[in-house]
1. Anything in segment 644-670 that is in contact with a strand residue (DSSP E or B) (Cβ under 7 Å, 6 or more places away or on another chain) and touching a residue at least 40 places away in the same chain (Cβ under 8 Å)? List them, or say none.
2. Just to confirm my filter: which helices (runs of 4 or more DSSP H) fall fully inside segment 172-253 and include at least 3 residues that are within 30 Å of residue 287 (Cβ to Cβ)?
3. Taking the conditions exactly as written (surrounded by fewer than 20 Cβ atoms within 10 Å (Cβ to Cβ) and under 22 Å from the mean Cα position of the chain (by Cα)), does residue 309 satisfy them or not?
4. Quick test for you: out of 407, 383, 400, pick the one residue that is over 12 Å from residue 473 (Cα atoms) and in contact (Cβ under 8 Å) with a residue 60 or more places away in the chain.
5. Filter segment 152-176 down to the residues that are touching a residue at least 12 places away in the same chain (Cβ under 8 Å), surrounded by fewer than 17 Cβ atoms within 10 Å (Cβ to Cβ) and closer than 22 Å to residue 625 by Cα and list them by number.
6. Among 547, 569, which is under 30 Å from residue 338 (Cα atoms), outside the structural domain of residue 638 (by TED's automatic domain parsing) and either surrounded by 10 or more Cβ atoms within 10 Å (Cβ to Cβ) or without any contact (Cβ under 8 Å) to a residue 60 or more places away in the chain (or both)?
7. All but one of (1) at pLDDT 90 or above; (2) over 25 Å from residue 339 (Cα atoms) hold for residue 653; which doesn't?
8. Just checking, does segment 605-620 include any residue being surrounded by fewer than 20 Cβ atoms within 10 Å (Cβ to Cβ), part of a helix (DSSP H, G or I) and in contact (Cβ under 8 Å) with a residue 12 or more places away in the chain?
């Protein structure tokens, strides 16, 4: 018999237990931490830019061309595309859960090659990008100038020129989006002077292309060189132009009389932002904003830590007065949530210990199931690592639930050993050997029954299956490991820790002398309650109709309450952040949108200052795309410890904000908390689209 084998070899049993704990400890160190399992199906985004085109032009000449070539992709669920008035096109392709995002990315790239030849030349020159990223933002990075030495254009230029490519190379980052553009040389032309000189826009564009280029004229001293050559250098005839003066002096046309018409004669050249369509502010100060999207399957906490670490490393090279802020970060809530679950896990272990001690009445007997708890829990972490799972809310909840179940096997062993010692007066080792002969099959049966209860959840399809699969396997692993520990380690502990009990005596007589009177009193009350319960059960057997009727009433009440209970995909919680969307009337200017955004900012920082820490407003872009009448607001709430009052919770703040924003007549403003699973959308509820 297995238990007798380890009873005679206790060191071997301890080696197995320690090995399980070591594997679990290594797994905890290496397992990624997340709020939930990767529920969202992988998605691939295709982005293109058509300078100067309207939304309709982008839709007809870019978006539809690409969408038509994306047919026949394996495991593709659906695709959606957006075209905005700023000339941007974005197509998101969503694949079945479990699809390898790398393979999906490769397939999309191959299909895109078929569409490139049909795209306008300007789009091809600007480039079409394919990204592996989730729908929503992992975090928003803000750049501000504390001393006011840099304006918003300076900050946005620094973000795109110096940070974008570095952040995009960080493992786990799927996409980096800069809200704004870098500096460019802007040529402002006077139409009247163009007409006077008989020039067109195409003339200006052609000379800019001709003069603003780098031309190499070969090498000085290149091979084969004459004998005795002592210098080798590249010969550059023309460099890229850098200053407004150089651009202004570009000749547009040389007249027959020898006079030269230059760009400065028909306009002016100045250094400015490539585009002024997007303006961002942090607490009212000009800022640069960078959005980070997570790569499919990447770990959010690790990626966010890598991004912050890289920015901290680069901060030593920042211009004087520039500072990094994080107005929107989804990871602090994950850390707090996991911390709370771990705290609950520890509390559950303590409560289980106290309950067992009260009922067993013997500290030695209580220690045996208690020792089994860390062995089983650490072993479960090892199983999670073997399956490639993460430490998340569902796996940790499964462990909290499993604590009360996994000690049952050890308690069964201890109770039976104590019963045999009290009834037959055997030594702990002999009693343990006899006990295991009686209950081994029962222990295995308990584990199999519980596994059969939770096992089917592991086979649910779709996103529901992803949620419950990790929960199910965690509980089953804990149950089976508790059976293994009950067969291997618990008998060894019983034989070594329990004290002999004389025949006819109770094991509680070995309790600590200060608690003996308490345990006698508790046992007296417990046996009294037990006897009353047995009496009620006996009555129910003689009056079956009455109790069946009462049972049916209880079932009816439970069913009624179940039908009235509100339902949800996952529980909504205070994540410490709020989102706002601004939609001004069609045709509204960026200035009007910025005025509304400033009003929203003032409300949060003044009326909700007890709950709000910071507020970033971004005008010129929204969830529906880039347009002057769109805007976004990211509100960061104060730490949860500073918002214990119900009226300072995220939902309460959002409701008050909606009431205040309903009075704004120049735009529609919506304030809402983020959804439970950020990868599945931008807000709670459902998405619907009108199809033509």
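The values are calculated or read from the model by the stated rules, or taken from the named source; none is laboratory data. Just so it is clear, the structure is predicted and the values come from calculations on it, not from any experiment. Reconstructed Cβ throughout: ideal geometry from the backbone, glycine too, with neighbour counts over all protein chains shown.
1. Scanning segment 644-670 gives 650, 653, 654, 657, 661, 667, 668, 669, 670.
2. none
3. Here the answer is yes, as residue 309 does meet what is asked.
4. Every option except 407 fails the conditions.
5. 164
6. That would be 569, the only listed residue that is under 30 Å from residue 338 (Cα atoms), outside the structural domain of residue 638 (by TED's automatic domain parsing) and either surrounded by 10 or more Cβ atoms within 10 Å (Cβ to Cβ) or without any contact (Cβ under 8 Å) to a residue 60 or more places away in the chain (or both).
7. (2)
8. yes
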